[in-house]
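Written below as structure tokens is the structure these notes are about.
The values are calculated or read from the model by the stated rules, or taken from the named source; none is laboratory data. Since the structure is predicted, the reported quantities are computational estimates derived from the model, not experimental observations. So basically every Cβ, Gly included, is an ideal-geometry build from the backbone, and we count neighbours across all protein chains shown. Ligands, DNA and RNA are stripped out before the accessible areas are found, and what is left, the full protein with its side chains, is counted by its heavy atoms. Shrake-Rupley method; radii C 1.70, N 1.55, O 1.52, S 1.80 Å.
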Amino acid sequence: MKVTARARANIALAKYWGKSDDALNLPAVPSVSLTLDPLVTETSVELDEALADDVFELDGAPAGEGETRRVRALLDEVRAAAGATTRARVTSRNDFPTAAGLASSASGFAALAGAASAAYGLDEPLAVLSARARRASASAARSVFGGIVELAAGAPGDDALAARPIAPADHWDLRVVVAITAAGKKPIGSRDAMGESRRSSPYYRAWVEHGHASAPAIARALLERDFATLAPLVEQSFLAMHAVGMAGVPSVLYWQPGSVAAIKTIGVLRAGGLEVCATMDAGPHVKAVCTARCVGDVREALARTEGVRDTLEARIGPGLEVG
Ligand code: PMV
């Protein structure tokens, strides 16, 4: 039995950063994201009686032990739900440069949740797939759905927590231009970095409090297609998230000179009347969120910005596709 599924990366406009429950991987703050097209991960799950253990191949090569362990953990949950023991061969391919800092774990675990459930013969609602993807990577819960997606904060123990779509992909023709500002691997992954923030940043509690107020405001501005309200809220969310990390011990500083330059470029464009704002995830790249009519100018200006090595463009896309 072999099943293939496709899921897309997403970008949070209201950021998730920090967990309320480490074991269940529950977020301490609500988040709101756009599912992005064409940043697709395609994942196949094939059951194979002959395998002694699960095998995971990523972008044409055997994956490392850490990645394989996370994949196996998700497969174990599916096997438990299906009452099965057969091991699986998992093949995953990212259709976008992983160097772009658009978490391939989000699209990857969403696609895996969809393919694995079907391969083991289960017919589960999307909310169940989203909750399972969340346990692997909280942002992956959001990639199960298309359009504009919300993931609430989870109360400790709330293992059923799933993302939910709040508007379809065609609700508003927003675009995202990614300004790539560095090559190579980032210094620390989001999971470890947000753990440090919670343990040692003096701003962590303020961040959690702020996130609970800001995510609903960002969702409302998106639903009302109100860019003037949206832009400062989106920038405050990512700046607050990065400030929390920077103030931790050890400090987590993802920014490169090109990150600052790109943020400045976006500020100048907005002051000049363009509908554009900045956001950043756990890495040095800057993502400009803009309306469709501004995307040409935004991409051109970012491509000319010192320290920006490359740009790529995305639009809002659909959710998980299985089969
Ligand atoms: O789900 P993770 O562990 O990949 O963490 C994602 C954290 C951010 O990308 C920085 C924010 C977000 O909400 O996607």
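Structural remarks
- For ASP192: the one exception among (1) under 17 Å from the mean Cα position of the chain (by Cα); (2) in contact (Cβ under 8 Å) with a residue 12 or more places away in the chain; (3) not in a strand (DSSP E or B): (2)
- Exclusive hit being under 20 Å from THR85 (Cα atoms), of a type in the set (Ser, Thr, Tyr) and open to solvent by less than 20 Å² (accessible area, probe 1.4 Å), set THR68, THR35, THR41: THR68
- Top-ranked residue in region 225-247 [being in contact with a Phe, Trp or Tyr (Cβ under 8 Å, 6 or more places away or on another chain) and in a loop (DSSP other than H, G, I, E, B); ranked as surrounded by the most Cβ atoms within 10 Å (Cβ to Cβ)]: ALA247
- Scanning region 33-50 for residues that are touching a Ser or Thr at 6+ places or on another chain (Cβ under 9 Å), within 16 Å of the ligand (Cβ to nearest atom) and at pLDDT 95 or above yields SER33, THR35, LEU36, THR41.
- The combined condition, being surrounded by fewer than 24 Cβ atoms within 10 Å (Cβ to Cβ) and within 16 Å of the ligand (Cβ to nearest atom), is fulfilled by ASN94.
- Residues in region 10-28 that are more than 9 Å from the ligand (Cβ to nearest atom) and either in contact with a Phe, Trp or Tyr (Cβ under 7 Å, 6 or more places away or on another chain) or acidic (Asp, Glu) (or both): GLY18, ASP21, ASP22.
- Subset tally (residues that are among the small types (Gly, Ala, Ser) and closer than 22 Å to GLU275 by Cβ) for region 172-192: 1
- Lone qualifier among GLY211, GLY245, GLY283 - being closer than 26 Å to ARG198 by Cα and modelled with pLDDT under 95: GLY283
- Looking only at region 273-288, and only at residues there that are out of contact with any Ser or Thr (no Cβ under 6 Å at 6 or more places or on another chain) and aliphatic (A, V, I, L, M), the one that is farthest from MET246 (Cα to Cα): LEU274
- Pair list, Cβ under 9 Å, 6 or more apart: region 148-170 residue more than 19 Å from THR35 (Cα to Cα), other residue of a type in the set (Asp, Glu): GLY154/ASP21; ALA155/ASP21; PRO156/ASP21; GLY157/ASP21; ASP158/ASP21; ASP159/ASP21
- Scanning region 142-160 for residues that are open to solvent by 20 Å² or more (accessible area, probe 1.4 Å), within 13 Å of the ligand (Cβ to nearest atom) and under 21 Å from ALA23 (Cβ atoms) turns up ALA152, ALA153.
- Elements of type strands (runs of 3 or more DSSP E) contained in region 1-48, each with 3 or more residues being touching a helix residue (DSSP H, G or I) at 6+ places or on another chain (Cβ under 9 Å): 2-14, 31-47
- Sole exception among (1) of a type outside the set (D, E, K, R); (2) open to solvent by less than 30 Å² (accessible area, probe 1.4 Å); (3) within 16 Å of the ligand (Cβ to nearest atom); (4) outside the structural domain of ASP310 (by TED's automatic domain parsing) for ALA116, by number: (3)
- Filter result (open to solvent by less than 10 Å² (accessible area, probe 1.4 Å) and out of contact with any helix residue (DSSP H, G or I) (no Cβ under 7 Å at 6 or more places or on another chain)) within region 195-218: GLY211, ALA215
- Filter result for PRO202 (away from the ligand (no atom under 15 Å from the Cβ) and outside the structural domain of GLU275 (by TED's automatic domain parsing)): no
- Filter result for ILE188 (touching a helix residue (DSSP H, G or I) at 6+ places or on another chain (Cβ under 6 Å), of a type in the set (A, V, I, L, M) and either over 30 Å from GLY248 (Cα atoms) or surrounded by 15 or more Cβ atoms within 10 Å (Cβ to Cβ) (or both)): no
- Hits in region 120-150 - residues which are touching a helix residue (DSSP H, G or I) at 6+ places or on another chain (Cβ under 8 Å) and among the small types (Gly, Ala, Ser): GLY121, SER130, ALA131, ALA133, ALA136, SER137, SER139, ALA140, ALA141, SER143, GLY146, GLY147
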